[in-house]
Structure formats: structure tokens, C-alpha cells
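What follows draws every value from the coordinates through simple rules; no lab data is involved. All values reported here derive from a predicted model rather than from experimental measurement. Glycine also receives a Cβ, built like all others from the backbone with ideal geometry; neighbour counts cover every protein chain displayed.
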Amino acid sequence: MPKIVVFVDDSKTVLMTAELAVKPLVESGDIEIVTYDEAMNFLSDVEKGFTFDLLITDVNMPKINGLDMAKQIKNNPRLKLKPILALTTENSQKMKMLGKQIGLTGWITKPFSPTTLVKAIKRVLRIR
Amino acid sequence: MKNIAVIGDNKKPKFFESVFKQESIEYDKFNVKDILDNIQKLEGFDVVFLNLEHNIKDITNIIKNIKNLDKNIIIVVTSPNFTGNHINKAISSGADDFLKQPINKSMILKKVSNYKTLLDFRKNRIHENESFYNLFTDKIFSRNTRFNINKEDDLSEFWEYFILNASSEDSLCKLNFIFSIGEWLIRNNNKFFIVSEEDREYYYLTFKYTPIPQTVIHNLIIKSCVKESAKMDDFRLSIKFNKTTQQETQLPQDIKEEKTTTISAKEFVDSTPLEITTKMDALEDIEEALTVKINQFSSNKDRETLKAIGELFKEYASTVFLMNEFDKLSEAIDKIAEYIENADEETIDENADLIVSVFYSLVDDLIKWRTGIFVNQETSDIHYLDNSMIASCLQIEHLLNKNSSNQDNDYGDVEFF
């Protein structure tokens, strides 16, 4: 059964490159991916009962900050144990610290290589 | 009261300046640009009158810099062009007062006298305190905040209280050290509390615990970033945090960047001249032209159309550059155009479909950016796309090169918590 990995990023370019990067994992049947270029749409789907195995989110987005969105997910009893990774150009210790405090599992800095992203997903979802 | 500074962006003397002259109240006048370049010029001043007519968008920045230089300086904002929103922003950034124009002479003199009283109070409120906790000084403000820590949740609450105000890497490191000590004490069933105290230069956070062997904590301190700023005895451990700006000037680049003020779309559009914001129409035209050319390239895959796409991206970059504030984004778009110009035939032939998808998504991102800022004005930070666009450019470049050379280097940092 493939695990569901959600990508949330306002940039379609980033979503496209991320999709290309994880293509081998999709083709091997390890994961299925769902992408959102509007964080609000993702939150609205979550409210309707949508679930996932890993959330990978941008931090600086136009309408809602990725960390605020992650906080909302962590406050949802149904999803609070789901791992969340930040995928962002934001590289300051302060923001990472905030992410850690919210309960993020890790922080990936853009630009990222496909190998880096795949390794991170495999590690979090324990895919061999 | 020692010194008054008047900062303005208009050479014409202001009414309150003529009052100062009539009453022989000495003051020094500065241009806003000089202050933005060198805030140290305000060192030693007691009251700053900030009168901005053109540089309103710099207001938050200037006020914060002055307060970082010296918290005691009284900042009085006065501008004929201020809206309620500007006043709120100025006050929340640390301004002490706002003078609504027109102002009369007696009001100005009364205000100046009030500032003198306020200043005396600010300068003299530190006194010897009998009930102090920290191990550094007894000359602290009369207030303190006490956190009783019995379990990890209490410690998290304490951490949360301070972390958002930590403005330097050094402070973050010290707070993390305190958190670790707290965790260690909880694990060892030591009930304790932490008291926060302050004077003009420092904050002091002091653990008060049931006696523990000093060597344990001492060993932890030696290995940590607090070793120069910690003192301890059998019952207490105090750590001091610098309030002054000297430390901030040594901050690494990324932290400094993070501290720059965010500008919302609405603020940007409101404070930008119409002739600049109307360049948005030109951007829309270029986006349309780009879509047409990308459709064309999608079917023809010819070099000439690709060149035209590169030129359109270049034009987009130049227009964005003219709109103030977006030089970083402009640079990123320019990089894309440059890459298209310089890409070799082989890379283009091998990746034509991928290039088409990349172009469509880039144009989509730019349309979303433009409408989010200029049309819907719903973006809370107009720079949200800048770094992301630069990263996307690098990413695309790597992706296309990888497809050509069949190599994948491992790059991009991952940190697991």
C-alpha cells in the first residue's frame, strides 16, 4: 500500500521539480503524491477528513505561513502524530527552532537535489 | 534634557523647529538618509522628532534601529502624510508619541516638558533592589517574572515565552542551554523556578533549585555558549543576555535578513507611486506574450522561439526591477533568461518537454505573484517569492544538466529534529 506524501508550496515550479524528484518512489509503488499550490485548499481538505502519511511544506507562502499551517495540523488530534518536513529557502536558526518547537520532523533547505529529497522521505517513512 | 534631534526628509523648516528657535531649545537636524546609513549619529540624543513626508515606508525600520541603539531615546513621530495605519505601525514599532499636525506652540512646549519628566524617570528607575535573584547585580528594575517549573510542559511554556523575542543566535543558543538544564533538573526530580530580571543593558534568567553538586552544571557550562555569561552557586544558576546592539551587528547574514521588516501587499501598493504600480499592466502583457510563445515552442521546439521566450523573461525582469523593492526577484528571473540564452542545443533537444513544463509553471508563479500583490493585495509579505524563485532557477538548472549528463550530485541541507 503506497504511503501518501503531500507537498504544499505556492510555487508550481517547486511542486513540479519535487514531483520529478520523487518519481522513482512513485514508480516503485512506495508512495503516492498529492500536491497543493494553495495551503488553504489543503487545510480545507484536511477538515473534510483527508489524511496523509507525510506532509512536506514550504514556509514562506503568500496567504498562510507554512509553520502556522503545520501548527494547525499538529493541533488536529487525528493528525498530530503525522510527520511534517519543511522544504524551504528559509535557513535561519530562529525559524528552524520554531519549526522544532511546533513539532516538525525535519527541515530541508532549497534548492534540493532529488537524491536529498528521496533520502529524507525514505528515512521518515522508513522505506528501504 | 540633553539633546533633541530632528530627522526629516524635507529641507523646509517645520513649525516645531521655529518654536525651538524662539524658546532657545537647542536641536540638531538630520536628513533621514544619513540616519538610515548611520544610526550611530543619534548616540547621546534624548528625544528624536521624526518627521517623514516621503520615506514613510522606512518608518518602522528607523524606529526599531533607534530603539536598538538606545531604548531610552524618546521618539516622537510627526508627519502630515500619516494615516491611522501609519500611526499604529509607528507606535507598535516603539515610537513614544505622535504629534498630530497642525500643532500649537503651547502644546509643543508642554510635550517637551513631559518628555523631560519621562526621561528622568527612565534614567533613574534602576535602584538597588533587596529582593534580587541573579548572581550578577542587585541594580535591577523593580519588576521580575517568575516561572515555576514542575514538569516539561512548564518548561516549554517558559521557552515559548522567550524564544519569540530572541533576536540573535547567541540568545537562541543560551535559551536552548537553559532548556537542556531544565530538562536535566526535571529528570532528576529537582523542583525549581526560573526568574527573569533586567537592567538597562542585560536580561538575567536565574534558576533557583534545591542544592545540587555544582560540578555537574559547571561541566555543562564549560562546553556551552553560556560560559562567558553564566554564574552559579549551590542554589542558583544565572545567565545574562545582552540587550545592546553591538551584539546584533555581529549576527550572521541570514539572521540579519530575517529581521528586515516584512511589507504586506496592501502597504506596498498604498505607499508606492501610481506610475510604478501601473507597470503591473506591462507585466500582464508580457505574461500573455510568454504564454503564446511557450505554446509555440511546445509544438515547434525551435531555437528562435526559445530565444524570444528568453527575451520576454529579460523584459519581465527589467520591468520588475523598475517597480522598487523587487530587485532580488528581478535577478532571479534574469538568471532564467540567461540560462535559456546560454543552454546548449543538446540540453534543449533532450529536455524540450521538461522545459515547456518549467516555463508554464514559472509563468503561473509570476501571474500568482503579480495578482497576489497588485490585484488582490492579499499577500502578507511581498518578498515571499524572491528566494523561492532563485532556488527554483538553481533547481531547474541542476535538473536539466542532470538529465543531460546523467549525474545527480547530493545537495540541499537536511536537518532532522
Simple label model, 7 Å out from Cα along Cβ direction - B:D9 to B:Q40, nm: 2.5
Prolate/oblate/rounded label for chain A (Cα gyration tensor, a/c 1.5): rounded
Listed pairs A:K23/B:K293; B:K41/B:K100; B:K105/B:K243 exceeding 31 Å between Cα atoms: B:K105/B:K243
Cross-link reach list, aspartates and glutamates versus B:K116, counting only Cα pairs under 20 Å and skipping chain neighbours closer than eight places: B:E17, B:E23, B:E26, B:D28, B:E43, B:D46, B:D70, B:D96, B:D97
Lys, Arg +1 and Asp, Glu -1 on Cβ, resulting dipole of the protein assembly as shown about Cα centre, debye, nearest 20: 2820
Over region B:257-408, relative contact order from alpha-carbon pairs under 8 Å, at least 6 apart, %: 35
Residue-by-residue Karplus 3J(HN,Hα) for region A:38-49, coefficients 6.51, -1.76, 1.60, Hz, glycine and proline x: 10, 4, 5, 5, 4, 4, 5, 5, 4, 4, 7, x
Point-to-point label distance, A:K48-A:R128, nm (Cα→Cβ direction, 7 Å offset): 3.8
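Contour minus end-to-end for B:K21 and B:N114, with contour as 0.36 nm per residue of separation and end-to-end as the Cα-Cα distance?
31.6 nm
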Which listed pairs, of B:K301/B:K335; B:K89/B:K266; A:K48/A:K96; A:K3/A:K82, have C-alpha distances above 18 Å, in listed order: B:K301/B:K335; A:K48/A:K96
Cα pair distances in the protein assembly as shown, grouped into 10 Å bins until the bin that holds the longest one, percent each: 3, 15, 20, 22, 20, 13, 6, 1, 0
Order of A:E90, A:E47, A:E32 under a 10 Å beta carbon neighbour criterion, fewest first: A:E47, A:E32, A:E90
Unpartnered cysteines - no second Cys beta carbon under 4.7 Å - across the protein assembly as shown: B:C393
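To the nearest whole percent, what portion of all C-alpha pairs in region B:257-408 is separated by more than 23 angstrom?
The calculated P(r) of region B:257-408 puts 37 percent of pairs beyond 23 Å.
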Cα pair distances of region B:4-124 binned at 5 Å [whole percent]: 2, 11, 24, 26, 22, 13, 2, 0
Estimated FRET transfer efficiency when R0 is 22 angstrom, pair B:K279-B:D302 (beta carbons, to 0.05): 0.10
